[in-house]
Amino acid sequence: MGVLLLFTGACTIFALVVTAAQAWQENAQKSWPEVTARVDACRFERSSTNGRHQLYIGCRFLYAVGGEQNAINIYSARFPGPEVAQYPRNQMQPFEAWLDAHPPGTPVVLRYDPANHKKALISSDFMPRGGPHTPNNIKLLILFAASFIVLFTVARLARSPQPPAS
């Protein structure tokens, strides 16, 4: 029980630190100026990590800030290819739909770092499984914290002296 309690406590602390750091970063990025970029090219890329065949979308966007032309590559989350057994089925479908909706020349709103115009991110119309991560991080933090509290309570109750039976 002690090992499980230590594990959930460590997971809670780790989730808290990651959530706080990512929330701070995402909040700072919300204040970045927006610019309309154009899709230069988007396509599926193949990745093999640990023998697992996965795909992801690789996009190149072109945009101008103050007369300066910029290009940035943005990548989606990885997902299993159609030849891989998967559950749920057809995880590729939302990625295909996003790719079909963004042919070359499509306008996409980006936010760019005012201190470094070459650093940008998609402002809306996110790629599947993209966008802000803080809401999901908070859910995970709550899960770990609740698990820790339940285990801590069970451990305390198990250690408390039982009254003698009469």
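The values are calculated or read from the model by the stated rules, or taken from the named source; none is laboratory data. Predicted model only: the values in this text are computed from it and were never measured. A quick note on method: Cβ atoms are made from the backbone with ideal geometry, for glycine too, and the neighbour counts reach across all protein chains shown.
Selection of the range 38-63 for residues being hydroxyl-bearing (Ser, Thr, Tyr) and either modelled with pLDDT under 95 or over 20 Å from ALA101 (Cβ atoms) (or both) yields SER47, SER48, THR49, TYR56. Checking each residue in the range 113-129 for being among the polar types (S, T, N, Q) and in a strand (DSSP E or B) picks out only ASN116.
When the criteria are applied in full, GLY66 fails the requirement of being surrounded by fewer than 13 Cβ atoms within 10 Å (Cβ to Cβ) and at pLDDT 95 or above. Yes or no: the range 123-135 includes at least one residue that is farther than 18 Å from SER31 by Cβ and exposed (fewer than 13 other Cβ atoms within 10 Å of the Cβ). Yes, the range 123-135 contains a residue that is farther than 18 Å from SER31 by Cβ and exposed (fewer than 13 other Cβ atoms within 10 Å of the Cβ).
Of the residues making up the range 139-163, those that are in contact (Cβ under 8 Å) with a residue 12 or more places away in the chain and farther than 19 Å from GLY2 by Cβ are LEU140, LEU141.
Take GLY58 and decide whether it is without any contact (Cβ under 8 Å) to a residue 24 or more places away in the chain, among the small types (Gly, Ala, Ser) and in contact with a strand residue (DSSP E or B) (Cβ under 6 Å, 6 or more places away or on another chain). Yes: the conditions hold for GLY58.
Candidates in the range 1-13 are the residues that are surrounded by 13 or more Cβ atoms within 10 Å (Cβ to Cβ) and in contact (Cβ under 8 Å) with a residue 60 or more places away in the chain; of these, the one that is nearest to THR153 (Cα to Cα) is LEU5. Of the listed requirements (1) surrounded by 17 or more Cβ atoms within 10 Å (Cβ to Cβ); (2) over 30 Å from LEU4 (Cβ atoms); (3) in contact with a Ser or Thr (Cβ under 7 Å, 6 or more places away or on another chain), VAL109 misses just one: (1).
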